[in-house]
Amino acid sequence: MSEYSRLARQMWHQIEPVHATLYFSPAAFDEAAQLGYDVESRWPSYFAWRTAPLGAAGPKLVAATYYSFSPTMIAEHVPGIWDTASPEQVLPARLRAMDRTFHDLLGDKISIPEIAEAAELAVAAAESAAVAHRPLTAANLDLPWPDEPHLALWQAYTVLREHRGDGHLAALAAAGLDACEALVSFAAIGAAPAANFEGRGWSAEEWAAAHDRLATRGLVDADGVATPAGRALRDQVERTTDELAAGPWRTLGVEAAERLARLNLPVLGAVFETGMLPSVTTLGIGSVRAPE
């Protein structure tokens with residue numbers, strides 16, 4: 001692993017939990033409810049928040065960019081989410097959600113110079129991100145930068161998170177892992193229990209069929225545990241993901257990236273102290289990532 005590949009993984013550990021507060025914070029659920037979304041489940045607002053930069057995307061585009069969600073599940077929400085609120089309504093609402101979330105997390109510290117410095121560094125990294133074959137990266141980069149430093153920081157983190165995610169999907173495809181196989185193989189290495197992915201809509205039959213396909217390739221055993229070949233393939237996926245995510249950090253440089261990581265620690269700590277994130281989202285503390 002190169003220096004910048006390692007740095008890309010380390011910085012993902014820093015920014016993923018901060019980005020993900022959009023999908024779990026009480027303020028975000030409140031904003032979603034005001035738009036008219038059913039917030040008894042997190043999925044209607046999740047699909048709306050994350051997809052809105054793409055415009056009124058249909059189910060096939062969402063399935064392509066999210067990858068590991070069942071197309072059947074996606075079709076239950078998309079394009080119906082746009083009947084509740086248009087992307088033009090969702091985008092300002094998600095910034096309002098993050099403004100409220102950051103105020104809840106940081107209080108008076110939201111205006112300290114360190115937040116503005118962190119935003120400047122994160123925006124510089126985000127603006128250097130390559131967009132070829134990276135639809136969610138490009139869509140988020142097309143959005144105007146907010147004037148408020150804490151919102152610019154969150155938006156830059158979102159670009160960088162989606163940049164890594166877009167590359168991760170390319171790595172999965174190169175490894176010959178389809179959407180359901182990506183999850184089965186991830187569970188097989190013990191990175192997360194299979195039950196953690198029940199919300200992504202795959203049926204027991206689809207999960208079993210994916211297991212059988214992986215078993216035929218010698219990647220999992222009869223109990224669903226990864227074989228040495230299966231672990232090697234997942235390791236390669238993660239290495240490729242790191243390599244494909246390295247560009248912005250190579251541009252920013254090690255010293256500036258390490259400075260951003262230090263500046264981010266109070267924000268990251270505040271996120272973890274809330275306990276709002278589920279374990280599958282806090283996998284940044286480990287070595288691998290859950291498939292998109």
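The values are calculated or read from the model by the stated rules, or taken from the named source; none is laboratory data. Just so it is clear, the structure is predicted and the values come from calculations on it, not from any experiment. Glycine also receives a Cβ, built like all others from the backbone with ideal geometry; neighbour counts cover every protein chain displayed. Accessible surface is based on the protein model in full, side chains and every heavy atom, while ligands, DNA and RNA are left aside. Shrake-Rupley method; radii C 1.70, N 1.55, O 1.52, S 1.80 Å.
For segment 7-134, what log10 I(q)/I(0) values come out of the Debye formula at q = 0.14, 0.15 1/Å, with one point per alpha carbon and no solvent?
Cα-only, vacuum Debye calculation for segment 7-134: -0.73, -0.83.
With just the Cα atoms defining each centre, how far is segment 151-170 from segment 78-145? Give it in Å.
Rounded to whole Å, the Cα centres lie 10 Å apart.
Inverting the mean 1/r over all pairs of different Cα atoms, compute the Kirkwood radius of segment 60-114 and quote it in Å.
Working: mean 1/r = 0.0725 Å⁻¹.
That comes to 13.8 Å for segment 60-114.
What is the pair-distance distribution P(r) of segment 97-211, computed from all Cα-Cα distances in 10 Å bins starting at 0, with each bin given as a whole percent?
13, 30, 25, 24, 7, 0
Along the Cα→Cβ direction, 7 angstrom out, place labels at ASP147 and HIS133. What is the inter-label distance in nm?
The modelled label-to-label distance comes out at 4.0 nm.
Nearest 0.05, what FRET efficiency do ARG96 and ALA204 give at R0 = 25 Å with Cβ-Cβ as r? Before the final figure, lay out the partial values.
Working: r = 39 Å, r/R0 = 1.58.
Efficiency at R0 = 25 Å is approximately 0.05.
If you take all C-alpha pairs in segment 152-292, what percent of them are over 28 Å apart?
Across segment 152-292, Cα pairs with separations above 28 Å total 26 percent.
With 5 Å bins from zero, work out the P(r) of the chain over every alpha carbon pair and list the percent per bin.
Calculated P(r), rounded to whole percents: 1, 6, 12, 16, 19, 17, 14, 9, 4, 2, 0, 0.
Could you give me the ³J(HN,Hα) list for segment 179-189, computed from phi with Karplus coefficients 6.51, -1.76, 1.60 and θ = phi - 60°, whole Hz, x at Gly and Pro?
My calculation for segment 179-189 gives 4, 6, 4, 4, 6, 4, 5, 5, 5, 5, 8 Hz in order.
With labels modelled as points extended 7 Å from the Cα through the Cβ direction, what inter-label distance (nm, one decimal) is found for THR274 paired with GLU88?
Using points 7 Å along Cα→Cβ, the separation is 3.0 nm.
Please report, in whole Å³, the volume per residue of the convex hull around the C-alpha atoms of segment 16-63.
90
Might you tell me the accessible area per residue for the chain, computed with a 1.4 Å probe and given in Å²?
Per-residue value: 41 Å².
When the helices in the chain are scored as -39500 (n - 2.57) per DSSP H run of 4 or longer and the sum is shared across all residues, what 222 nm value do you end up with, to the nearest 500 deg cm²/dmol?
Using -39500 (n - 2.57) per qualifying helix, the result is -20500 deg cm²/dmol.
How many percent of the accessible area of the chain is carbon or sulfur, using a 1.4 Å probe?
It is 54 percent, rounded to a whole number.
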